[in-house]
Amino acid sequence: MNTHAIELTTRDGEQLRFECATDQNLLEAAADAHIVLPAQCGQGNCGTCYADVTHGDFTLGKHNPAALPDGAGASGTLLCCTFPKSDLRISLPFDHDRILIGEIKVRNAEITAIDSVGENTLRLELRLASNEDDGSMAEFEPGQFMELEVPGRDIKRAYSLANISNWDGRLEFLIRLQPGGLFSTWLREQAAVGQTLIVHGPKGAFGLYESGLRPRWFVAGGTGLAPMLSMLRRMAEFQEPHPARLYFGANRPEELFCQTELKALQAELPQLQVIFCVWKPDNNWQGFCGTPVDALTQDLADAAVLPDIYLCGPPALINAAEAAARAKGVPDKQVLSERFLPTV
Ligand SMILES: Cc1cc2nc3c(=O)[nH]c(=O)nc-3n(C[C@H](O)[C@H](O)[C@H](O)COP(=O)(O)OP(=O)(O)OC[C@H]3O[C@@H](n4cnc5c(N)ncnc54)[C@H](O)[C@@H]3O)c2cc1C
């Protein structure tokens with residue numbers, strides 16, 4: 001079997017090399033070389049392993065076109081279904097610290113809280129069991145996600161962390177209950193405080209991008225708020241001075257959640273502006289009427305400095321926000337996103 005030399009370059013300029021056979025996908029070949037790249041579904045569906053091939057020929061196998069960013073072009077690919085036809089050079093849209101050299105952690109965690117925060121939306125809090133390697137610590141970067149195992153099934157679902165690293169093992173998630181969803185149904189019908197879940201991770205490349213003191217604008221739809229909360233909480237913890245805005249959107253006013261948490265954050269991070277956006281407001285709504293992308297577009301028109309833009313939520317929202325940023329001339333490398341796509 002032919003093999004090809006693969007060279008990866010991270011956003012911060014680090015290089016990694018491995019060999020990949022023509023019938024193996026790049027994600028698997030990298031893992032065989034103990035290079036664990038950010039990825040989730042492994043089936044070309046979630047878009048987490050998106051990257052750009054800068055040199056060489058490849059085949060992109062069966063995948064969901066929605067997993068590729070709009071305007072990805074012929075060089076954009078998903079590593080989990082990319083097969084090399086020659087040696088390849090690949091540019092990764094994240095820094096080296098998002099690559100794990102070794103194995104993904106698998107730990108037990110107890111449910112400590114499970115609260116409804118809005119229609120079909122839960123806040124789930126877990127506490128990791130302590131072990132010899134990690135003690136009780138929960139260690140992850142803001143913006144990353146964990147995979148939670150559906151109890152009794154060999155199935156995992158990805159959820160972004162809403163809190164920040166801590167010594168007492170706390171993990172916080174905001175979860176949209178999907179109609180008929182496997183994990184959603186378990187959460188709705190069987191989950192209870194005190195039960196144990198198996199969690200895999202942390203994983204993922206989404207997160208804060210160090211680029212001086214450029215303003216940071218965060219755009220979230222629904223539970224896409226989770227990684228934004230994590231990043232803003234980290235900024236508050238480190239008292240980072242970047243001007244910051246959060247555009248948080250929902251269809252109806254009653255679907256906006258975490259308002260108390262956001263007020264608490266504003267007290268710690270006084271430069272943070274929160275713009276609540278409602279697409280279908282009632283007569284009492286006094287905030288922005290429209291989607292968070294409408295609000296973003298409006299504010300970009302007046303922006304004196306082009307901000308770093310962080311996007312999270314359903315793919316349609318991300319595609320529209322990326323188009324708005326591109327139209328205003330925001331460079332692609334200043335636009336970072338996490339698509340909440342179904343696992344399968
Ligand atoms: C990296 C990453 C991070 C994520 N973080 C979060 C998070 O923090 N909070 C959160 O609520 N979700 C998040 N998601 C989405 C979540 O993993 C999926 O929605 C998951 O499939 C739900 O599992 P389930 O078992 O309840 O439903 P499934 O059994 O997977 O699906 C049941 C049905 O619902 C549909 N469906 C499932 N999810 C979606 C969706 N997101 N949009 C539209 N239709 C859907 C499926 O197509 C299927 O028909 C994330 C996804 C990724 C890739």
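The values are calculated or read from the model by the stated rules, or taken from the named source; none is laboratory data. Quick caveat: nothing in here was measured; it's all calculated off a predicted structure. Heads up, the Cβs are rebuilt from the backbone with ideal geometry, glycines too, and the neighbour counts pull from every protein chain shown.
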More than 13 Å from the ligand (Cβ to nearest atom), modelled with pLDDT of 95 or more, of a type in the set (A, V, I, L, M, F, W, C) and closer than 30 Å to GLU268 by Cα - does that describe any residue in segment 175-190? no
Residue selected from segment 179-220 under the condition surrounded by 17 or more Cβ atoms within 10 Å (Cβ to Cβ) and among the hydroxyl-bearing types (Ser, Thr, Tyr), by the criterion farthest from PRO243 (Cα to Cα): SER184
Output yes when any residue across segment 231-238 is in contact (Cβ under 8 Å) with a residue 40 or more places away in the chain, in a strand (DSSP E or B) and surrounded by fewer than 21 Cβ atoms within 10 Å (Cβ to Cβ), and no when none is. no
Could you grab the pairs with beta carbons closer than 7 Å, sequence gap of 6+ or different chains, first residue in segment 182-211 and part of a helix (DSSP H, G or I), second one away from the ligand (no atom under 16 Å from the Cβ) and of a type in the set (Ser, Thr, Tyr)? none
ALA138: passes all of (1) among the aliphatic types (A, V, I, L, M); (2) within 13 Å of the ligand (Cβ to nearest atom); (3) free of Cβ contacts under 8 Å to residues at least 60 places away in the same chain but (2)
Out of everything in segment 130-178 that is surrounded by fewer than 20 Cβ atoms within 10 Å (Cβ to Cβ) and of a type in the set (Ser, Thr, Tyr), what residue ends up being farthest from ASP95 (Cα to Cα)? SER130
Residue pairs qualifying under the 7 Å Cβ cut-off, at least six apart or on distinct chains, with the first in segment 214-229 being in contact (Cβ under 8 Å) with a residue 40 or more places away in the chain and the second being of a type in the set (S, T, N, Q) and surrounded by fewer than 24 Cβ atoms within 10 Å (Cβ to Cβ), are THR223/THR121
Has segment 147-164 got at least one residue that is within 15 Å of the ligand (Cβ to nearest atom), among the basic types (Lys, Arg) and in contact with a helix residue (DSSP H, G or I) (Cβ under 6 Å, 6 or more places away or on another chain)? yes
ASN163 versus (1) outside any loop (DSSP other than H, G, I, E, B); (2) under 15 Å from THR223 (Cα atoms): which is the lone unmet condition? (1)
Among residues of segment 44-59 being farther than 20 Å from LEU100 by Cα and crowded, with 17+ Cβ neighbours inside 10 Å, the residue nearest to the ligand (Cβ to nearest atom) is ASN45
Using beta carbons and a limit of 7 Å, which pairs, at least six apart or on different chains, have the first residue in segment 47-64 and farther than 19 Å from THR9 by Cα and the second one polar (S, T, N, Q) and within 16 Å of the ligand (Cβ to nearest atom)? ASN64/ASN45
Just checking, which of ASP302, ASP332, ASP282, ASP294 is of a type in the set (Asp, Glu) and at pLDDT 95 or above? ASP294
If you check every pair at least six apart or on different chains, which have Cβ atoms under 6 Å apart with a residue in segment 248-268 that is among the polar types (S, T, N, Q) first and a residue that is surrounded by fewer than 17 Cβ atoms within 10 Å (Cβ to Cβ) second? ASN251/TRP279; ASN251/LYS280
